[in-house]
Amino acid sequence: MAKNKILKIPEHVGIIMDGNRRWAKKRLMPSASGHGAGLKRMVALAEKAKAAGVKYLTVFALSTENLLRPQEELDKMFELIRKQFNGCIEKLLSCGAAVKVIGDLSFLPQDIAQLILNGVNKSPESADFTFVLALCYGARNEIVRAANCAVSEGKQITEREFSDRLYTCGIPDPDFIIRTGGELRLSNFLLWQAAYAELYFTKVLFPDFTDDEFEKALADYSERDRRFGKG
């Protein structure tokens with residue numbers, strides 16, 4: 001995909017990284033191998049997004065629903081985080097990215113939650129590019145949490161008051177949401193924030209979502225006319 005065809009770059013891109021397990025299954029490999037390949041691709045994609053001019057990249061890494069998977073698979077996923085998370089964070093920080101996490105880390109084993117917080121605490125307060133990791137995240141839970149926060153503070157729930165209590169407070173709403181793996185749904189990802197996001201679905205499994213595939217998605221976004229319901 002020729003870069004000169006990409007005329008408009010979205011400020012904030014969200015990615016539902018679907019297909020890691022199917023990628024592994026096609027290769028007669030364990031699910032953990034797919035998650036490992038997906039993790040590696042996630043970091044490379046963040047570097048590509050930053051180079052393309054994207055300012056925020058939010059990746060759906062682990063949903064609240066994912067936590068209902070068999071314990072054996074979760075244990076392998078947690079072990080992968082223990083082994084590779086620090087390296088991923090260091091690579092992101094070394095390219096000048098700020099790193100944030102959204103979601104309820106209390107669902108994670110305590111050592112992993114602390115590992116993640118330690119990595120985020122190394123992040124600069126401001127940067128030209130922010131990588132947002134959605135972990136133990138579910139949009140419905142986020143919405144209920146924000147509403148309860150407003151009520152407990154005695155606030156009238158306006159759109160502004162509500163948005164200020166979301167995990168994403170201070171982060172602009174996504175302009176463009178990409179889902180890999182062939183499914184055609186948002187699966188509880190940024191439901192409030194995605195009200196006017198442009199959506200892009202591809203059958204490509206996430207570990208195979210190359211830089212060229214990302215450029216193809218950006219080129220598609222560039223051709224769209226965003227009217228935000230005004231015409």
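Any read-out appearing in this document is the output of simple, stated calculations on the displayed coordinates, not a laboratory observation. Quantities reported herein were computed from a predicted structural model and do not represent experimental measurements. Using ideal geometry, Cβ is built from the backbone for each residue, glycine included, and neighbour counts are taken over all protein chains shown.
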Convex hull of the chain built on C-alpha atoms - directionally averaged projected area, nm²: 13.5 nm²
Gain on full stretching of the segment that runs from Arg145 to Leu199 - 0.36 nm per residue minus C-alpha separation: 16.9 nm
Relative contact order computed over the chain (Cα-Cα under 8 Å; 6+ residues apart), in percent: 30 percent
Contour minus Cα-Cα distance for Trp192 and Lys76 (0.36 nm per residue): 38.6 nm
Packing-based ranking, highest mean first, of 131-144, 9-22 given that Cβ atoms within 10 Å are counted: 9-22, 131-144
Lys/Arg +1, Asp/Glu -1 at C-beta; the chain dipole; positive extreme among Tyr137, Thr210, Val99: Thr210
Protection proxy ranking of 153-159, 84-90, 29-35 - average other beta-carbon atoms within 10 Å, highest first: 29-35, 84-90, 153-159
Over 28 Å between alpha carbons, listed pairs Lys26/Lys55; Lys25/Lys100; Lys50/Lys203; Lys122/Lys155; Lys50/Lys76: Lys26/Lys55; Lys25/Lys100; Lys122/Lys155; Lys50/Lys76
